[in-house]
1. I'd like the full set of residues that are open to solvent by less than 70 Å² (accessible area, probe 1.4 Å) and under 11 Å from the mean Cα position of the chain (by Cα), limited to region 65-109.
2. With respect to the numbered conditions (1) out of contact with any Phe, Trp or Tyr (no Cβ under 9 Å at 6 or more places or on another chain); (2) assigned to a strand (DSSP E or B); (3) surrounded by fewer than 16 Cβ atoms within 10 Å (Cβ to Cβ), which one is the sole condition not fulfilled by Thr118?
3. With the condition kept exactly as written, say whether any residue in region 42-55 is in contact with a Lys or Arg (Cβ under 8 Å, 6 or more places away or on another chain) and crowded, with 20+ Cβ neighbours inside 10 Å.
4. When you go through Glu55, Glu63 one by one, which is the residue that is in contact with a His (Cβ under 8 Å, 6 or more places away or on another chain) and among the acidic types (Asp, Glu)?
5. Within region 1-41, can you find the residues that are part of a loop (DSSP other than H, G, I, E, B), surrounded by fewer than 15 Cβ atoms within 10 Å (Cβ to Cβ) and within 17 Å of the chain's Cα centre (by Cα)?
6. For region 42-70, which positions are within 12 Å of Trp106 (Cα to Cα) and of a type in the set (A, V, I, L, M)?
Amino acid sequence: MAELAVTYDPLEHDRHQRYQPSVLQTLVALAMLGAAHDACAVLVPIAAPGKKLGEWIGGQTVEHPPGYFLAMTNDWNGSCSYAIARGEAQAAAERHIAAVTGVAGWAVIHRDGRWTVTEGRELN
């Protein structure tokens with residue numbers, strides 16, 4: 001049986017450590033999900049001033065603008081749908097870095113604490 005080779009990439013490690021929701025964002029999101037039993041996720045804004053879309057430079061600054069947007073499990077088209085929550089989280093990130101070049105995005109925080117970060121638009 002062949003062994004799986006794992007290559008350590010310092011930039012990938014740096015990106016994973018920085019480009020994530022803050023501890024506070026995660027704690028608040030988990031509290032919201034605990035109180036809202038019909039929710040599937042909380043979306044939060046993330047901003048990366050000076051970042052280019054799709055690129056990562058070691059030491060990149062990541063900021064966590066205010067805002068928590070609940071996505072309800074069965075609300076596919078309504079005011080608590082995933083699409084609305086995603087749009088609100090991205091808009092909050094865009095407002096946060098409107099005056100500088102950078103990337104506005106969002107993180108999705110799930111009930112079990114897993115999260116994903118998605119880049120939205122590159123501004124300016």
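The values are calculated or read from the model by the stated rules, or taken from the named source; none is laboratory data. None of these values were measured; they are calculated from a predicted model. Neighbour counts are summed over all protein chains in view; Cβ atoms, including those assigned to glycine, are modelled from backbone coordinates with ideal geometry. Side chains included, ligands, DNA and RNA excluded: accessible areas come from the protein's heavy atoms. Shrake-Rupley method; radii C 1.70, N 1.55, O 1.52, S 1.80 Å.
1. Pro65, Ala89, Gln90, Ala93, Ala104, Gly105, Trp106, Ala107, Val108, Ile109
2. Unmet for Thr118, out of (1) out of contact with any Phe, Trp or Tyr (no Cβ under 9 Å at 6 or more places or on another chain); (2) assigned to a strand (DSSP E or B); (3) surrounded by fewer than 16 Cβ atoms within 10 Å (Cβ to Cβ): (1).
3. Checked against the condition, which is being in contact with a Lys or Arg (Cβ under 8 Å, 6 or more places away or on another chain) and crowded, with 20+ Cβ neighbours inside 10 Å, region 42-55 yields at least one hit.
4. Working: Glu55 fails: in contact with a His (Cβ under 8 Å, 6 or more places away or on another chain).
None of the others qualify; the one that does is Glu63.
5. If we filter region 1-41 for residues that are part of a loop (DSSP other than H, G, I, E, B), which is where we start, we get 1-9, 19-22, 36-38.
Still in the running and surrounded by fewer than 15 Cβ atoms within 10 Å (Cβ to Cβ): 1-9, 22, 37-38.
Listed by number, the list holds a single entry, Ser22.
6. Val42, Leu43, Val44, Ile46, Ala47, Ala48, Val62, listed by residue number.
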